[in-house]
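Here the structure comes first, spelled out in structure tokens, and everything after it is commentary.
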Amino acid sequence: MAMSCDHPDLLPLEEALRRLWEALPAPHTAEVRADRDDPAMDRAAMDGVALRSGDGRAPRRILGTLFAGDDPAAFRVEPGTCVRIMTGAALPPGADAIVPVEQLSESEGAALVLVDPEPGDHVRPRGEQARAGDLLLPAGAPLTAAAMGLRAQVGLPVPGPVRLRVAVASTGDELVALPAAHQIRDSNGPMLAALAHALGADVLHRPSLPDDPAALAAALSAPDGTPILLTSGGVSMGEHDHLPSVLAGLGARILFHRIRLKPGKPMLAALLGDRLVLGLPGNPVSAYLNALLFLPVALARLQGLARPDPWRRGTLAARVKNKGDRPLLHPCRQRDGELHPLPSKGSGDLVTLAQADACAWIEPGGLEAGAKVRYLPVL
């Protein structure tokens, strides 16, 4: 029986993602407290008329109209009167309920109420969401879009949109623009640059990194102002795979090297000073999938956002084998609500990856048709 070449010390994917998340610094965010009651006054929850509920169904003379933002002191609701009011407008003095337009009729400037109003009907009472001084978000809360809106609502400065800059560099002396039969073009560089851009980063294209350790060390040490460097290749077990040892020699903190995933086992992450180096494998499918998994986490952490969940859920349309001990990300096409596996030739099969729009997570041993799986959308 053939034995697996996997090793028991390979790091599980979730542990690698956790290490990356916890190792990166997030921007400090101060706590958010309500600067006033929210809402600051009783407000209409629906379009209708503001009135005194105690007058029951008696006809009421319409005094005028209040729109959101109008000063409600322009009117005072007395017995036998009401005010047209729009959603979000503050209740005028004397009113304690809203009757929606659907429960009204109008005749000669008077509102005819078709229901028995009760105090508080369709009213958002003052302080319903928060009272002045209430803690709305603790310090360190992620800067989500909703959190940005909340900061604006209480009068705090709102950070402007930020696009982090990511440097991309392939490795290998075999990469040339006009390759002979024994050489190849650099496909990883453009692919990773496009992915980083799709994930919301600006991209700095760097020249390919050499296979010489001294030259590689000099290139890694050269400052370019980017907080993240994506490399591809040079992280496996070959004689020219110098990136791990060069990073260690430069004093980098190795967060992890080699994970339990197929393809993508040689994946490396390190902190070189205040820069994150994501050392992706050289095979294009491995490089793409590892970047798709790890780069969004790094970008979110450095921007103070919540940790992203890239996974979707779907159903396999056909059986997928997985003879190894590592989980497999298998390319698929989504059709008719199902994931249709594509015939893949492994981690170097960029053709199949380019034809896929999803990669399904296949546990060791494989999965049968109809199995529920999680998958990564291919961007």
Item checked: Rg/Rh ratio calculated on Cα atoms of the range 43-124 (Kirkwood radius) -> 0.90
Checklist line | Sequence-distant lysines (8 or more away, or on other chains) whose Cα lies within less than 18 Å of K321 | finding: K262, K345, K372
Note to self: Checking the cross-link filter: which aspartates and glutamates have an alpha carbon closer than 13 Å to that of K323, excluding same-chain neighbours under 8 positions apart?
What the structure shows: D6, E363
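Show me the ranking of peptides 15-27, 61-73, 39-51 by mean Cβ neighbours inside 10 Å, starting with the highest.
Working: 15-27: 16.1, 61-73: 14.4, 39-51: 21.2.
Averaged packing, sorted descending, gives the order 39-51, 15-27, 61-73.
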Check: Which label belongs to the value computed from this structure, given these candidates for semi-axes √(5λ) of the Cα gyration tensor in Å: (i) 60, 26, 17; (ii) 35, 32, 14; (iii) 34, 23, 21?
Finding: (i)
Margin query: Per-residue counts of other Cβ atoms within 10 Å, averaged by peptide: what ranking do you get for 284-291, 186-193, 75-82, 115-122, highest first?
Written below: 284-291, 186-193, 75-82, 115-122
Note to self: Within the range 36-79, list the residues whose amide N lies under 19 Å from a label point set 7 Å along Cα→Cβ of V115.
What the structure shows: 43-60
Notebook entry, point to check: Taking only Cα atoms, what is the 0 to 90° angle, nearest 10, from helix 284-303's long axis to the longest principal axis of the chain?
Noted result: 40 degrees
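Read the figures in this text as sums done on the coordinates, not as results from a lab. No experiment lies behind these values; they were computed from the predicted model shown. Because the Cβ atoms are built from the backbone with ideal geometry, glycine has one as well, and the counts that use them run over all protein chains shown.
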